[in-house]
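S.K.: The structure follows.
The values are calculated or read from the model by the stated rules, or taken from the named source; none is laboratory data. Because the structure is a prediction, the values reported are computed rather than measured. Positions of Cβ are backbone-derived with ideal geometry, glycine not excepted, and every protein chain shown enters the neighbour counts. The accessibility values were calculated without ligands, DNA or RNA, using every heavy atom of the protein model including side chains. Shrake-Rupley method; radii C 1.70, N 1.55, O 1.52, S 1.80 Å.
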Amino acid sequence: MARFIKKGQSEADKKGDDLRIRETVERIIKEITAHGDAAVRKYAEEFDHWTPDSFRLSDAQIRQIVDGTSQQVKDDILFAQKQIRFFAEQQRGSVKDLEIETLPGVFLGHKNIPVNSVGCYIPGGRYPMVASAHMSILTAKVAGVKRVIACTPPINGKIPEATVCAMHFAGADEIYILGGIQAVCAMAIGTENITPTDMIVGPGNAYVAEAKRQLFGRVGIDLFAGPTEILVIADETADAEMVACDLLGQAEHGPTSPAALITSSEALALETLKEIERQLKVLPTADVAGPAWRDYGTVILVADEKEAVAEADKLAYEHVEVLTREPNYFLEQMTNYGALFLGPETNVAYGDKVIGTNHTLPTMKAARYTGGLWVGKFLKNCTYQRCTPEASVQIGEYAMRLCDLEGFAGHKEQAALRVRRYKKNNIFIE
């Protein structure tokens, strides 16, 4: 039976700030709905001390930023985008339109139609999230979205130039230096100067996540997201230095980021706890990673691989690294995860930044029912049907009886009209 060596905060503890966040977001959405640009500007000044003449960057401003960015930075961004674009293109190629004849004269099909417009939120705050530009803007463009706009906040009163380069290279049609709730609302609701979009995607803090939750229905969203999560599954073949490094590497995202270890080796578990304390003494982001591990870190001891799978599927974490003798066992057996990283040769940082898979992934147990952001999220699978007159008579007679069974007289008449009309034209079905 699985045993906890270290346990993070309970679900009840984690919900402490939810009500305050919900009320703040609700108020701001109402204000932006009513007052548009004036409300957006008010909150940009209040939260980011940011009041430019225009939140949207002009073509000249973008060109100046790109020209002023070092070639190495641009080359690195373009390398990452090449990997992400290639994988997204392969995914798009796997999504096929379909038309089949299910009965003589009955043709059914579906088309995969891109969403017309998407708003991408690229987080900032403590870290300029350059990679999020690739994951959302570029993926939407590969899916065929016509208009992709993007917002990213200023950092310490300045434009995050590398992020703007990534947004531009990814294909953004409009770039705004605007952050937080006000950015998400402006893209979803629209203002005098920002045409609203049909869908909002991208990660963000608790306020951004709550804004997406409240706006869902008015616009589409990619997924509900909370703090980033990492689970490492390890056995006695793993080493504590690597386990600790990878746990803390994700915990540095924020002080509420969960990090968990599931292991069949008690010796590894205890050594990892020591190694984490050692690494926290030298890690530059220990002020964030330390509290995250203290409050949200978990270590679970299991008997074997089968029990490890069961516990991992209960957690349903965003990122799952497998540092075991047989990593493919978990690929074959696990069902609830955002992304798997198999073996010590790969890690979450590769997926987050450059390897090609998308880093916008389900958190807070959403992996039980959804995967992460991919080209398919930007496609609407829309069905259609077409019948010959003969087939319409055949289907119509079944439809009349089935509508009558449910008491839908108007529905029945739709079918009956076709049956009468096409039979009247001497069309009969054997």
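S.K.: Sorted from largest down, what three extents in whole angstroms do the Cα atoms of region 365-406 have along their principal axes?
M.R.: If we take the Cα atoms of region 365-406, the spans are 46, 25, 9 Å.
S.K.: Whole number please: convex hull volume per residue of the Cα set in region 302-388, in Å³?
M.R.: Hull volume over Cα atoms, normalised by residue count, gives 145 Å³.
S.K.: Hey, another quick one. Ratio of alpha-carbon Rg to the 2.2 N^0.38 Å globular estimate for region 1-149, to two decimals, please.
M.R.: Expressed relative to 2.2 N^0.38 Å, the Cα Rg reads 1.54.
S.K.: Further question on the same structure: What does the convex hull of the Cα atoms come to per residue for region 202-324, in Å³?
M.R.: Taking the convex hull of the Cα positions in region 202-324, it is 103 Å³ per residue.
S.K.: Among Q9, V302, Q182, pick out the residue whose Cα is farthest towards the positive end of the charge dipole of the chain, where Lys and Arg carry +1 and Asp and Glu carry -1 on C-beta, about the Cα centre.
M.R.: The one lying farthest along the dipole's positive direction is Q182.
S.K.: Next question, about the same structure. For the chain, what is the charge dipole size about the Cα centre, in debye to the nearest 20, if Lys and Arg each add +1 at the Cβ and Asp and Glu each add -1 at the Cβ?
M.R.: In total the dipole reaches around 1720 debye.
S.K.: I would also like to ask the following. Over the chain, give the accessible area per residue in Å² for a 1.4 Å probe, as an integer.
M.R.: Heavy-atom accessible area per residue stands at 49 Å².
S.K.: Something else about it: Return the single residue from A225, A310, A131 with maximal mean-square fluctuation; model: Gaussian network over the chain, springs between Cα atoms under 10 Å.
M.R.: Looking only at A225, A310, A131, the biggest GNM fluctuation is shown by A310.
S.K.: For the chain, what does the equivalent ellipsoid look like in terms of its semi-axes, each the square root of 5 times an eigenvalue of the Cα gyration tensor, given largest first in whole Å?
M.R.: Result for the chain: semi-axes of 43, 32, 21 Å.
S.K.: Where nothing but the Cβ of Lys and Arg (+1) and of Asp and Glu (-1) is charged, how large is the charge dipole of region 292-362 around its Cα centre, in debye to the nearest 20?
M.R.: Computed about the Cα centre, the dipole is about 180 debye.
S.K.: With a 10 Å radius around each residue's Cβ, average the other Cβ atoms per peptide and rank 173-180, 351-358, highest first.
M.R.: For the peptides 173-180, 351-358, the packing ranking is 173-180, 351-358.
S.K.: Binning at 5 angstrom from zero up to the longest distance, how are the C-alpha pair distances of region 382-421 distributed in percent?
M.R.: Pairs per bin, as whole percents: 6, 26, 30, 19, 15, 4.
S.K.: Could I ask something else about it? What lysines could a cross-link reach from K141, if we take a straight Cα to Cα line under 29 Å and drop same-chain neighbours fewer than 8 places away?
M.R.: K74, K82, K96, K111, K158, K212, K353, K365, K377, K380
S.K.: Name the chymotrypsin sites (Phe, Trp or Tyr not before Pro) in region 341-403 that are in a loop by DSSP and that have at most 12 other C-beta atoms within 10 Å, would you?
M.R.: Y369
S.K.: Counting only protein heavy atoms, what percent of the accessible surface of the chain is carbon or sulfur at a 1.4 Å probe?
M.R.: Of all accessible area on the chain, carbon and sulfur atoms account for 53 percent.
S.K.: To continue, here is another question. What is the spin-label model distance, in nm, from N116 to T388 if the labels are put 7 Å beyond Cα along the C-beta direction?
M.R.: The two pseudo-label positions are separated by 3.7 nm.
S.K.: Based on the mean of other Cβ atoms within 10 Å per residue, sort peptides 3-9, 404-410, 148-154 so the most packed one is first.
M.R.: Descending packing order for the listed peptides: 148-154, 3-9, 404-410.
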